[in-house]
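Colleague: Following this message is one structure expressed as structure tokens.
The values are calculated or read from the model by the stated rules, or taken from the named source; none is laboratory data. Note that the coordinates shown come from a computational prediction; the quantities given were computed from them, not determined experimentally. A quick note on method: Cβ atoms are made from the backbone with ideal geometry, for glycine too, and the neighbour counts reach across all protein chains shown.
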Amino acid sequence: MHLAHGRFRTQPRRGNVVGHRVTFHPEEVQLVNGVRVTTPQRSWLDLAASLSLHDLVIAADHLICAHGPEFPFPREGICSPQNLRTTTSRHPGRRGVKTARLALDLMRIGADSPPETKMRLLLIEAGLPEPELNLALRNESGTAVVWPDAGYRNAKIALQYDGAHHGTAEQYQRDIRRALETERLGWQEIRIGAQDLEGDHPAVLDKVRRALNRSLPPPIPSRVHT
């Protein structure tokens, strides 16, 4: 167990207890079931000293994930992007703050799972266009009917990450219906699995690159004046 105290209090010395002496702003502590704990945004900043950049972005995406009322499962974020930025700005000299600032630039609203964030980061780091999150594909009457995990609106490419729950018979049938509706609306669905995110050259990069090359027009060559 890790316990944090203000800098003028004595650190606890007990078995299986690790004490930390830190400085808190009043807004960074809340009461949960009678116990004083740090807010989600302050806890995120504390983790910046020990997490990798990828993992810190994953944590930020989880905290700020939100979906509007047109999504099957609307939700509000645990905290807002501004909450994370404000808390980080209060501690300019804190260990890990450089990593936190990088993560703030990379976090996005709309990622429902760590693999979805990892997929997006891999694409960005490979120099591919950043996919859009919180996309909703609409039918002829304007009703949202398909919700890709990420996608490219101009290229009409829908990226769908298939987690473990996609192996059930019921989910398999839903995925088939989703793919057919995606195609009917003129979009191309690219399905990504866990294995596509692994290795020195993750397969997701080639999958998305090929899809973009098929969907987007070739660049217009520059004119050569003689």
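Colleague: Which one is farthest from T117 (Cα to Cα), of the residues in region 207-217 that are without any contact (Cβ under 8 Å) to a residue 60 or more places away in the chain and under 23 Å from the mean Cα position of the chain (by Cα)? Explain how you work it out, then say what you get.
Modeller: From region 207-217, those without any contact (Cβ under 8 Å) to a residue 60 or more places away in the chain are 207, 210-211, 213-214, 217; that's our starting set.
Add one more test, that the residue is under 23 Å from the mean Cα position of the chain (by Cα), and what stays is 207, 211.
Details: K207: 17, A211: 20 Å.
Looking at residues that are without any contact (Cβ under 8 Å) to a residue 60 or more places away in the chain and under 23 Å from the mean Cα position of the chain (by Cα), I get A211.
Colleague: For D149, are the conditions met, namely being modelled with pLDDT under 95 and surrounded by 14 or more Cβ atoms within 10 Å (Cβ to Cβ)? First the steps, then the outcome.
Modeller: On the way: modelled with pLDDT under 95: no; surrounded by 14 or more Cβ atoms within 10 Å (Cβ to Cβ): yes.
So D149 does not fit the description; no.
Colleague: Would you check if there is a residue in region 74-82 being touching an Asp or Glu at 6+ places or on another chain (Cβ under 7 Å), over 16 Å from T117 (Cβ atoms) and either among the β-branched types (V, I, T) or surrounded by fewer than 13 Cβ atoms within 10 Å (Cβ to Cβ) (or both)? If you could, list the steps in order and put the result at the bottom.
Modeller: Just the residues of region 74-82 that are touching an Asp or Glu at 6+ places or on another chain (Cβ under 7 Å), to begin with: none.
Taking every residue of region 74-82 in turn, none turns out to be touching an Asp or Glu at 6+ places or on another chain (Cβ under 7 Å), over 16 Å from T117 (Cβ atoms) and either among the β-branched types (V, I, T) or surrounded by fewer than 13 Cβ atoms within 10 Å (Cβ to Cβ) (or both).
Colleague: Follow-up. Which condition number does L135 fail, the rest of (1) free of Cβ contacts under 8 Å to residues at least 12 places away in the same chain; (2) of a type in the set (A, V, I, L, M, F, W, C); (3) in a loop (DSSP other than H, G, I, E, B) being met?
Modeller: (1)
Colleague: Pairs, please: C-beta under 6 Å, at least 6 apart or cross-chain, first residue farther than 13 Å from E125 by Cα and in region 192-206, second surrounded by 12 or more Cβ atoms within 10 Å (Cβ to Cβ) and at pLDDT below 95?
Modeller: Listed pairs, sorted by first residue: G193/D162.
Colleague: Can you tell me which residue within region 130-143, out of those that are surrounded by 14 or more Cβ atoms within 10 Å (Cβ to Cβ), out of contact with any helix residue (DSSP H, G or I) (no Cβ under 7 Å at 6 or more places or on another chain) and not acidic (D, E), is farthest from E198 (Cα to Cα)? Spell out how you get there, then give the answer.
Modeller: First pass over region 130-143, keeping only residues surrounded by 14 or more Cβ atoms within 10 Å (Cβ to Cβ): 131-137.
If we keep only those that are out of contact with any helix residue (DSSP H, G or I) (no Cβ under 7 Å at 6 or more places or on another chain) too, we end up with 132-136.
So of that shortlist, the ones also not acidic (D, E) come out as 133-136.
Numbers: L133: 22, N134: 24, L135: 25, A136: 28 Å.
Within region 130-143, the match that is farthest from E198 (Cα to Cα) is A136.
Colleague: Here is a further query. Among the residues of region 50-68, is there at least one that is at pLDDT 95 or above and over 20 Å from A103 (Cβ atoms)?
Modeller: Just the residues of region 50-68 that are at pLDDT 95 or above, to begin with: 50-68.
With over 20 Å from A103 (Cβ atoms) added as a condition, the list becomes 67-68.
Within region 50-68 (the criterion being at pLDDT 95 or above and over 20 Å from A103 (Cβ atoms)), the answer is yes, since at least one residue qualifies.
Colleague: Out of E198, E181, E170, E140, I need the residue that is acidic (D, E) and in contact with a strand residue (DSSP E or B) (Cβ under 7 Å, 6 or more places away or on another chain). Which one?
Modeller: Numbers: E198 fails: in contact with a strand residue (DSSP E or B) (Cβ under 7 Å, 6 or more places away or on another chain); E170 fails: in contact with a strand residue (DSSP E or B) (Cβ under 7 Å, 6 or more places away or on another chain); E140 fails: in contact with a strand residue (DSSP E or B) (Cβ under 7 Å, 6 or more places away or on another chain).
Going through E198, E181, E170, E140 in turn, the sole match is E181.
Colleague: If I ask for residues that are outside any strand (DSSP E or B) and over 10 Å from A158 (Cα atoms), which ones from region 184-194 would you list?
Modeller: Of all residues in region 184-194, those outside any strand (DSSP E or B) come to 184-187, 193-194.
Those that are outside any strand (DSSP E or B) and over 10 Å from A158 (Cα atoms): R184, L185, G186, G193, A194.
Colleague: Return a yes/no flag: does region 96-112 have any residue that is assigned to a helix (DSSP H, G or I), surrounded by fewer than 15 Cβ atoms within 10 Å (Cβ to Cβ) and not basic (K, R).
Modeller: Scanning region 96-112, I find at least one residue that is assigned to a helix (DSSP H, G or I), surrounded by fewer than 15 Cβ atoms within 10 Å (Cβ to Cβ) and not basic (K, R), so the answer is yes.
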